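Worksheet: one structure, shown below.
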């Protein structure tokens, strides 16, 4: 089986760009990724593209061919949708395609335009990732769903809003030098705790912002990289995906995420690594509590032990296991369909040494954790420096 | 939600709300005793068919809740409101807490399921009253 190399990565600025169309955002990200890869457009054999709410935000379905056109490639293109894990699943399918010899060069990415809907419109749109009958019609918003999980976590294991605020502070600090990040500014615990409530116990600074942006990566087979003399030192060596019941009320656990646990187990086994081999991780912190649940699902902490990790300095830039050195969804931003591949793009830069925070990574193994909805779907990918 | 929600029913789900309204709440039980909510053709936990309607316990316990301050447009005039996940044993239900100030809602409190109308649109919404 061939290894799958990340030949190039590209991101737009993540932020408030309500006037920019999805196709323009993806055109920029894909152009950057192709330039970074040094791969010609005509070599691209297919596009796997993630997008969540294009019908609602842009009245645009059938986005695969539209985005291939925007990227300037003449190849089959398919859109993948798995809520906030849309480009995570798009990536996983591309990895499998390269491995099984179906393709040698694939473009993978995602885009989301959100700010044109405003806060109320975005809140309504994001809610479609939940069960319409039994959750949305009961008034559950996306922040409310994570608030239900946060309170359940506090009840079972303890923890406080201060612990969560430390996660937001950490991720903002990490984003300071990241030119792609929505918030390149530090915040304090006090500022986070004083922010307005969105869904108790979660406040505004527990939540990722509403973000417009796109991301793209170029995947190639080992053979293609060698034959074309590409500089592609990072490989995706493990992929995993897990699922859970759609509605929180139907889950076995309200304060654990078994879908991500299963994705991690599969990805680690695939790569032949253990959780203790990981030097850094990009995890899906759509809300601060989600980072805690991710740390535990990835096996870095036992259930109930992840809550104080940021406060104890273990997951900060200088800690033993830096988490979300990009700034995470919280500070880098969360253009939903673009997030999965943006995490892989950022981890690639972190590992190969051209990210502003690369010096904080002490090791060759990184992990990217992407979650859909309240983690009814999840993907985990292992990235390693292989040459 | 579609514009036709007022005219077109969602079989199973609307039957479930009707039953709660009539004080005859039920859930679906598979031969192995797993609980689920309609519409279902097979048990979501084990895949068995042959689901039967079983009476929902009269009351349940609040397992977790949140107070929503930033609602979707359909609930704009309802906010702030408390939404809870309530444990009835074989199934849990999600709905709004009525008759209790949001700040006085507590995990572990005993509640009974009812159907209310939202302040914003008048749509039916699953809700709970303290027992």
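A few comments on the model shown:
- Filter pass, residue B:67 being in contact (Cβ under 8 Å) with a residue 24 or more places away in the chain and touching a helix residue (DSSP H, G or I) at 6+ places or on another chain (Cβ under 6 Å): yes
- Scan of segment A:224-251 for residues that are more than 21 Å from the chain's Cα centre (by Cα), farther than 26 Å from residue A:149 by Cβ and surrounded by fewer than 23 Cβ atoms within 10 Å (Cβ to Cβ), ordered by number: A:224, A:226, A:227, A:228, A:229, A:230, A:231, A:233
- Being within 14 Å of chain B (Cβ to nearest Cβ) and touching a strand residue (DSSP E or B) at 6+ places or on another chain (Cβ under 9 Å) holds for only one residue in A:203, A:213, and it is A:203.
- Filtered residue count, segment A:331-377, keeping only those that are out of contact with any strand residue (DSSP E or B) (no Cβ under 8 Å at 6 or more places or on another chain) and surrounded by 24 or more Cβ atoms within 10 Å (Cβ to Cβ): 4
- Meets criteria (surrounded by fewer than 16 Cβ atoms within 10 Å (Cβ to Cβ) and more than 25 Å from residue A:255 (Cα to Cα)) for residue B:76: yes
- Odd one out for residue B:41 among (1) outside any loop (DSSP other than H, G, I, E, B); (2) more than 9 Å from chain A (Cβ to nearest Cβ): (1)
- Meets criteria (over 14 Å from the mean Cα position of the chain (by Cα) and more than 9 Å from chain A (Cβ to nearest Cβ)) for residue B:106: yes
- Given (1) crowded, with 17+ Cβ neighbours inside 10 Å; (2) modelled with pLDDT under 95; (3) within 19 Å of residue B:21 (Cα to Cα), number of the condition residue B:94 does not satisfy: (2)
- Single residue of segment B:112-131 satisfying the filter (closer than 18 Å to residue B:35 by Cβ and more than 8 Å from chain A (Cβ to nearest Cβ)) that is surrounded by the most Cβ atoms within 10 Å (Cβ to Cβ): B:128
- When segment B:57-91 is filtered for residues that are more than 8 Å from chain A (Cβ to nearest Cβ) and out of contact with any strand residue (DSSP E or B) (no Cβ under 7 Å at 6 or more places or on another chain), the ones remaining, listed by number, are B:57, B:77, B:89.
- Of all the listed residues (A:197, A:114), the sole one being in contact with a strand residue (DSSP E or B) (Cβ under 7 Å, 6 or more places away or on another chain) and surrounded by fewer than 21 Cβ atoms within 10 Å (Cβ to Cβ) is A:197.
- Flag for residue A:150 being more than 10 Å from every other protein chain (Cβ to nearest Cβ) and surrounded by 21 or more Cβ atoms within 10 Å (Cβ to Cβ): no
- Under the condition of being within 22 Å of the chain's Cα centre (by Cα) and either facing another protein chain (nearest Cβ under 8 Å) or modelled with pLDDT under 95 (or both), the residues counted in segment A:129-141 number 1.
- Among (1) assigned to a loop (DSSP other than H, G, I, E, B); (2) closer than 16 Å to residue B:94 by Cα - the single one residue B:61 does not satisfy: (1)
- Among (1) part of a loop (DSSP other than H, G, I, E, B); (2) in contact with a helix residue (DSSP H, G or I) (Cβ under 8 Å, 6 or more places away or on another chain); (3) facing chain B (nearest Cβ under 9 Å), the one test that residue A:145 misses: (1)
- Contacts under 7 angstrom Cβ, first residue in segment A:111-128 being within 7 Å of chain B (Cβ to nearest Cβ), partner in a helix (DSSP H, G or I) and surrounded by fewer than 21 Cβ atoms within 10 Å (Cβ to Cβ), 6 or more apart: A:120/B:73; A:124/B:73
- Hits in segment B:20-38 - residues which are in a loop (DSSP other than H, G, I, E, B) and surrounded by fewer than 19 Cβ atoms within 10 Å (Cβ to Cβ): B:22, B:23, B:24, B:31, B:32, B:33, B:34
- Filter result for residue B:48 (more than 14 Å from chain A (Cβ to nearest Cβ), modelled with pLDDT of 95 or more and under 18 Å from residue A:250 (Cα atoms)): yes
- Of the set (1) surrounded by fewer than 22 Cβ atoms within 10 Å (Cβ to Cβ); (2) more than 26 Å from residue A:178 (Cβ to Cβ); (3) at pLDDT 95 or above, all apply to residue A:21 but (2).
The values are calculated or read from the model by the stated rules, or taken from the named source; none is laboratory data. Remember, predicted model here, so these are calculated numbers, not experimental data. Counting neighbours? That spans all protein chains shown, and the Cβs are built from the backbone with ideal geometry, glycine included.
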